Amino acid sequence: MIKRLGRMVLCASAIALVAACSTEEASPVPSTPAVMFAPPSSSAPASSAPAAVRPATPFTLTFDPRAAGSSVQVTGQTDLPNGSNLYVGLARVIDDPTRAEQGPGYFTVDFTEVRTKGGKFSATVTDNRKSNARAFVDSFNAGEPSERHQTLTNMVQVVVSFTPKEGQSAHVVRAVGGAKGAGLQSSPQAEEIGGLTSNPYWTLRADRDLPLVIS
């Protein structure tokens with residue numbers, strides 16, 4: 001009797017073990033974790049640079065030109081990022097009777113580049129330093145009837161401009177909305193370049209006219 005009971009216990013244990021094994025096979029442990037993290041979007045990989053941020057307020061660019069002999073001293077202010085590269089140019093105003101309806105012409109006689117520091121910039125440009133306006137006019141007038149002759153005036157125009165396309169550091173380009181300058185278009189000094197092309201971009205441009213003795 002005792003031997004029979006022992007066999008029954010062993011048999012019952014064997015049956016339970018088989019049942020347990022059968023249960024594990026019917027409900028396998030998942031090969032992947034219960035919590036999954038979605039992979040980075042292919043359109044915005046995790047390693048890509050952050051998107052350009054547009055400014056909350058428009059960028060501005062202003063300056064004050066002062067004549068000093070044959071030169072013009074330019075001092076200005078801007079809220080462009082520190083280290084922004086600016087173009088400063090000086091052009092002699094020329095009267096051209098052949099284009100009176102379009103207004104006067106401008107002949108660039110000097111230009112330079114400066115970088116902003118603490119929201120300020122300064123530069124000096126000089127009449128005829130890089131190109132001679134009088135030589136240009138004399139060359140144009142040679143062989144032309146007098147009614148078509150161009151004339152130098154005692155006025156010059158100073159231009160200060162900023163473009164995200166040239167000479168800017170990566171942090172400056174990002175601050176103005178990328179290489180197309182999207183963050184510049186709300187500025188009072190905004191000027192679009194290439195508006196009729198497939199790749200337009202925005203710049204800043206400010207200009208002032210003032211008298212300057214012809215050298």
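Could you work out how much longer the chain between LEU210 and LYS165 gets when fully extended? Use 0.36 nm per residue separation minus the Cα distance between them, nm to one decimal. Mind dumping the intermediate values first?
Values: separation 45, 0.36 × 45 = 16.20 nm, distance 2.91 nm.
Value of the extension gain: 13.3 nm.
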Net charge contributed by nearby residues that have their C-beta within less than 15 Å of GLN189 (K/R +1, D/E -1): -3
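So, with +1 on the Cβ of K and R and -1 on the Cβ of D and E, and no other charges, what is the size of the charge dipole of region 82-215 about its Cα centre, to the nearest 20 debye?
Working: 14 positive and 14 negative charges, 148 e Å.
That gives region 82-215 a dipole magnitude of about 720 debye.
Between SER131 and ASN199, what FRET efficiency follows from the Cβ-Cβ distance if R0 is 30 Å, with the result rounded to 0.05?
0.50
For region 72-173, what is one quarter of the convex hull surface built on the Cα atoms, given in nm²? Present the calculation step by step, with values, prior to reporting the outcome.
On the way: hull surface 30.9 nm².
Averaged projected area of region 72-173's Cα convex hull equals 7.7 nm².
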ASN141 versus PHE111, label points 7 Å from Cα toward the beta carbon: distance in nm? 2.6 nm
Counting only protein heavy atoms and leaving out ligands, DNA and RNA, the solvent-accessible surface of GLU113 at a 1.4 Å probe, in Å² to the nearest 10, equals 120 Å²
Label-to-label distance, nm, for residues given as LEU152 and ALA100 (7 Å Cα→Cβ offset): 2.4 nm
Checking rank on 136-142, 170-176, with mean other Cβ inside 10 Å and highest first, the result is 170-176, 136-142
At a Cα cut-off below 13 Å, give the aspartates and glutamates reachable from LYS180, other chains included and same-chain residues fewer than 8 away excluded. GLU166, GLU191, GLU192
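The values are calculated or read from the model by the stated rules, or taken from the named source; none is laboratory data. Quick caveat: nothing in here was measured; it's all calculated off a predicted structure. Note: ideal-geometry Cβ built from the backbone for every residue, glycine included; neighbour counts use all protein chains shown. Protein only, heavy atoms only, side chains kept; ligands, DNA and RNA dropped before computing areas. Shrake-Rupley method; radii C 1.70, N 1.55, O 1.52, S 1.80 Å.
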